[in-house]
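The structure follows.
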Amino acid sequence: MSKFTNRTALVTGGSQGIGSAIVKRLAEEGANVAINYFSSSDLEKAVELKKYVEEQFGVRALTVQGNVGIKQDVDQMISEVEQELGLVDILVNNAGIAPFEPFLSLSEETWDRTYQTNVKSIFLTSQRVAKSMIGRKYGKIVNIASTASVMVTSPVVPHYISSKAAASHLTKALAIELGKYNINVNAVGPSTTATQMCEEYLADPAILEKEIEANPMKRLGTEKQIGDAVVFLASDEAMQINGHLLMVDGGLTVKAAQPEDHMNHEQEVTL
């Protein structure tokens, strides 16, 4: 039997990129999936994804529009999911933005929008679904964090980096608050992944080369690898894992040195 047969999953920002990969992996494991998208421009991708998982995996799927940083949208979205697919068993807070704006020219609007999407959305969606999870003594909440949750990443974008650090600590706080109800709250921390969000950034060959060289595995991660990590944390195999940030970063966050800091392999070492 698949891991999530008869379970309902909601993935925010699920129409593309990492979100789409998460939707596919959850559906592959038998979950009925609700695919949240924000703008009308994402509708076509959401509909195509819905069709794909229904035909490929035989599950039920639903597309739901909503700004997950606004309470009214969240309440309406989750009510629709509950009516069409049932109560949410697995919530994946994937929606996120990373506007590449330097600190000294950063607008208040961009700061607020980043925190609304990357932090407030986790609060709103988690609070809404947790109330029904408590009554059933079952629930899985997985937040998509970042390497920026534990280190200052490059390029330095303080609004994004600080929002992901906040998301990581919110994950831990919710884990403590909800654990007694058999609700696991964890996070996944990807390093730079070739997604639409990073498309412009990685279009520069020099930057792409630097990102690959900086990673101990000498490669970028894939969207599917993030989906695999989410499936694990949402499964019964992870029942005793709570409040954990699972880094899927090739070891990037366990090292301090950058490529130019490393000694040349041919250089003689004197002890």
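From the backbone phi of region 142-149, what are the Karplus-calculated ³J(HN,Hα) couplings (6.51 cos²θ - 1.76 cosθ + 1.60, θ = phi - 60°) in whole Hz, Gly and Pro given as x?
Result, rounded to whole Hz: 10, 9, 8, 9, 5, 4, 5, 6.
Assuming R0 = 30 Å, can you tell me the calculated FRET efficiency for the pair K71 and E200, based on Cβ-Cβ distance, to the nearest 0.05?
Numbers: r = 31 Å, r/R0 = 1.05.
Computed FRET efficiency for K71 and E200 comes out at 0.45.
Going through the DSSP H helices of the chain, which span 24 Å or more along their own axis at the Cα atoms while scoring at least -1.0 as a mean Kyte-Doolittle hydropathy?
Values: long enough: 158-178 (29 Å, 0.27).
Both cut-offs are met by 158-178.
What spacing in nm lies between the two simple spin-label points modelled at K218 and N182, each 7 Å away from Cα in the Cβ direction?
Label at K218, label at N182, 4.8 nm between them.
What does the extension gain come out to for S40 and S79, with contour length at 0.36 nm per residue minus their alpha carbon separation?
Numbers: separation 39, 0.36 × 39 = 14.04 nm, distance 2.01 nm.
So the chain would gain 12.0 nm between S40 and S79.
To continue, here is another question. Taking the Cβ-Cβ separation of H244 and S2 as r and a Förster radius of 30 Å, what is the calculated FRET efficiency to the nearest 0.05? Walk me through the numbers before you get to the answer.
Details: r = 24 Å, r/R0 = 0.79.
It comes out at approximately 0.80.
Read-outs throughout are calculated quantities, based only on the coordinates presented, and are distinct from any laboratory measurement. Because the structure is predicted, anything quoted here is derived from the model rather than measured. So basically every Cβ, Gly included, is an ideal-geometry build from the backbone, and we count neighbours across all protein chains shown.
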